Each structure stands twice: as structure tokens, then as C-alpha cells.
1. From (1) within 10 Å of the ligand (Cβ to nearest atom); (2) of a type in the set (A, V, I, L, M, F, W, C); (3) farther than 29 Å from Leu18 by Cα; (4) over 12 Å from the mean Cα position of the chain (by Cα), pick out the condition that doesn't hold for Ala89.
2. Kindly indicate the residue of the stretch 1-37 that is outside any loop (DSSP other than H, G, I, E, B) and open to solvent by 60 Å² or more (accessible area, probe 1.4 Å) and also nearest to Ile120 (Cα to Cα) among those meeting that condition.
3. Tell me, which strands (runs of 3 or more DSSP E) wholly within the stretch 170-285 include 2 or more residues that are over 22 Å from the mean Cα position of the chain (by Cα)?
4. Scan the stretch 92-107 residue by residue and report those that are more than 9 Å from the ligand (Cβ to nearest atom) and part of a helix (DSSP H, G or I).
5. Is there a residue being in a strand (DSSP E or B), of a type in the set (Asp, Glu) and touching a residue at least 24 places away in the same chain (Cβ under 8 Å) anywhere in the stretch 69-82?
6. Of everything in the stretch 124-136 that's over 8 Å from the mean Cα position of the chain (by Cα) and near the ligand (Cβ under 8 Å from one of its atoms), which residue is nearest to Leu31 (Cα to Cα)?
7. Please state which of the following conditions Val110 fails to meet, knowing it meets all the rest: (1) more than 8 Å from the ligand (Cβ to nearest atom); (2) part of a helix (DSSP H, G or I).
8. Only one of (1) assigned to a strand (DSSP E or B); (2) free of Cβ contacts under 8 Å to residues at least 12 places away in the same chain fails for Ile52. Which number is that?
Amino acid sequence: MKPPPLRIHRPTTLEDTLDLLSEHSAAGKVLAGGQSLVPVLNMRLAAPSDLIDITAVSGLDELLVTGNDGQTEIIVGARATHRRVERSAEIAAANPLLGEALRFVAHPAVRNRGTTVGSIAHADPNGEMPMILALTGGRVDVRSTRGERSLEADELNVGPLETCLEADELITRAVFPGLPAEARAGFDELARRSGDYGLAGVGMIVDVDDDTVTGLRCGFISVTDVPEILNLDALVSGTGLNDAPEAADAVVDAVRNFIDPGGDIQASADYRRHLTGVLASRLFRRLCRGENPRKRAGGTRRPATDTKRGRA
Ligand code: FAD
């Protein structure tokens with residue numbers, strides 16, 4: 001199918017972009033990589049009259065790590081593709097979660113065009129990036145002709161495929177905090193076929209002091225409506241790293257009680273709940289063993305135990 005007739009605007013400055021969004025706010029849409037929006041248009045699930053294509057807007061393609069050790073921020077501009085973020089050695093060193101999760105997003109062809117900010121704006125509960133933004137305590141910076149504001153992930157996401165953005169607002173960038181040196185972080189998911197959205201996925205940050213776990217936060221994909229973060233500091237605090245296999249059972253129980261999966265043609269709710277627990281257990285034990293993705297900084301190879309085999 002093809003989309004209904006529409007006008008495409010291709011501004012080159014942020015000011016013109018914001019003017020166009022203001023002018024067409026009733027029936028206009030931002031077009032970034034088009035990897036989510038174009039299928040939606042082709043299936044006629046949305047029928048905007050005007051698309052404001054931001055792929056030529058100067059100043060939106062920033063991708064950098066700022067700050068010092070322990071207090072870094074990763075700035076991802078609205079035009080930065082998933083692939084650029086995934087391949088940045090500097091970003092992998094500051095926060096390996098982004099690259100680790102991005103390798104599970106679709107195929108390289110989609111990641112070459114799709115943007116990380118577009119993914120956050122799309123707010124798909126099956127998407128990896130909205131959850132990683134929430135798990136890391138990140139935010140988005142938003143502009144319109146009316147002014148600018150910053151939104152934390154939990155303010156931004158109000159429902160499945162729904163954000164609190166006004167129709168004339170543009171996310172200019174996403175800001176992900178770097179991970180403290182003593183934190184260990186990872187992501188894992190399972191999909192039925194290479195390139196599919198995950199049936200379930202888990203992101204995890206484990207805080208460690210010497211040989212002791214001091215904190216644990218988990219985020220999920222495909223099993224909650226919005227990226228809700230489960231804080232298990234009280235449950236695991238004081239656990240020795242060598243005791244992780246025993247502590248993992250309690251983590252699994254807490255995770256399965258927290259999530260609220262639905263069933264569909266791909267998998268039942270019970271299966272997704274079971275799977276999420278298995279992924280959480282594996283990830284917790286892996287991180288406690290010290291298999292820290294930070295050590296693979298800059299690499300784009302998939303882990304040998306990758307559950308989406310065959311993907312680049
Ligand atoms: P677009 O499609 O251009 O826009 C998406 C939405 O966000 C639109 O509503 C648009 O108006 C809005 N938007 C975009 N940028 C902004 C902005 N700066 N400010 C305000 N609103 C904005 N994603 C996953 O997370 N995991 C997957 O496993 C996955 N698999 C995929 C498989 C296939 C075959 C395909 C085609 C896509 C898949 N995706 C997946 C989606 C992909 O990650 C998209 O790239 C991403 O969701 C949207 O980014 P985009 O730049 O293409 O945005």
C-alpha cells in the first residue's frame with residue numbers, strides 16, 4: 001500500500017523546522033529516518049497532511065560524550081542514526097548499554113536510516129531505546145516556537161506509542177548519563193527470528209563495591225506498557241558477587257511479579273513472563289561474574305551467546 005497524498009517539507013534550519021511544525025501542528029508530522037513512520041503511513045494507520053523531514057536540518061546531527069570520568073553525558077542529536085550510536089567507541093566506553101541494546105534493533109539496513117531519537121519519540125513498548133533512556137535516567141530536550149523544555153523518560157512516556165509531546169514540539173536531542181566506573185550493565189532479549197522485535201528483553205545495571213552488590217535496576221521491553229524501572233537495591237544490597245546464583249532466584253521472582261505482559265500470536269503472557277525471568281537471571285549472574293560489556297567498548301560483534309543469532 002501507499003500513503004495518502006501529502007506534502008513533504010525539507011527545512012535546513014531549526015528555526016524553519018519549528019515554524020513549519022507550528023504552522024502544521026494540526027495535521028503535520030516529523031519525519032526522521034522513516035523506519036517506523038513510513039510503514040504506519042503505508043498501512044494508513046495515520047494520515048498527516050504534511051511531513052516535516054528533518055534529515056537536512058543543520059545542528060541536529062551531534063553525537064558526543066561530554067564531562068569527566070564518572071560524570072559523563074552522551075548527547076544524541078535528532079538526526080543521529082542508530083548505527084552511528086552503536087558504532088561509537090566513545091559512547092561504548094561511557095555507557096555500554098546503548099551499543100549492547102542497539103545491536104538487537106532490527107537489521108543494519110534499518111539501523112542505518114532509523115534514528116535513536118525517532119525511536120524514543122515513537123515510544124514503542126517493544127523498542128529498546130525508550131527503555132534504555134529510562135533505565136539510565138536520561139532525558140530529552142524539546143523545542144518549539146513557544147520555547148524549550150527537558151523531559152525525563154518517565155514524564156515523556158505516557159502510554160504505548162504515546163508521549164506527552166505537543167504536536168508542534170521537536171525533540172532536538174536525547175541525553176543519556178554515562179555509567180559510573182563501578183557499575184556493570186547489560187542487555188539481553190529473545191526474538192523468534194533475526195531482526196524481529198523481542199518477545200521480551202531485559203536491561204540491567206548492577207552497582208558493585210569491591211566484591212559486593214550495592215544496587216540493581218532493571219528495565220524491560222515487550223512486557224510493560226511504558227518503560228517502567230524496577231529498583232531492587234533493597235533486595236540485593238550486600239550480596240557477595242560469588243553468591244549471585246542464589247540471589248538470582250529472588251531477582252527472578254521480583255521481576256515476574258513486576259511485569260505485566262500481554263499475550264498475542266507470537267507468545268502467550270505466561271511464556272513472556274517466564275522468559276523475562278530467565279533473561280533477568282542470566283543477565284544478573286553474567287554481570288556478577290564480571291562479564292562487563294564495557295570491556296567490549298567499541299566492538300560491534302555480537303556476543304557468542306546472543307539470542308538473536310545470525311544478525312550482524
Ligand atoms: P520515524 O519513523 O521517522 O518517526 C517515528 C515517529 O517519531 C514519528 O511519529 C515521528 O513523527 C516521530 N519523530 C521522529 N523524530 C522526532 C523528533 N526528533 N521529535 C519529535 N518526533 C519525532 N525498533 C526497535 O526499537 N527494535 C526493533 O527490533 C525494531 N525492528 C524493526 C524492524 C523493521 C523491519 C523496521 C522497519 C523497523 C524496526 N524498528 C525497531 C524501528 C526502528 O528502530 C525505527 O528506526 C525507529 O523506531 C524510529 O526511528 P526513525 O528515525 O525511523 O523515525
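1. (1)
2. Here the answer is Lys29.
3. In the stretch 170-285, the matching strands (runs of 3 or more DSSP E) lie at 200-209, 212-221.
4. Once the filter is applied, which keeps residues that are more than 9 Å from the ligand (Cβ to nearest atom) and part of a helix (DSSP H, G or I), the stretch 92-107 yields Ala92, Ala93, Ala94, Pro96, Leu97, Leu98, Gly99, Glu100.
5. Taking every residue of the stretch 69-82 in turn, at least one turns out to be in a strand (DSSP E or B), of a type in the set (Asp, Glu) and touching a residue at least 24 places away in the same chain (Cβ under 8 Å).
6. For the stretch 124-136, the residue satisfying everything is Asp124.
7. (1)
8. If we test Ile52 against (1) assigned to a strand (DSSP E or B); (2) free of Cβ contacts under 8 Å to residues at least 12 places away in the same chain, just (2) comes out false.
The values are calculated or read from the model by the stated rules, or taken from the named source; none is laboratory data. Source: prediction; values computed, not measured. So basically every Cβ, Gly included, is an ideal-geometry build from the backbone, and we count neighbours across all protein chains shown. Note: accessible area is taken over every heavy atom of the protein model, side chains too, but ligands, DNA and RNA are not part of it. Shrake-Rupley method; radii C 1.70, N 1.55, O 1.52, S 1.80 Å.
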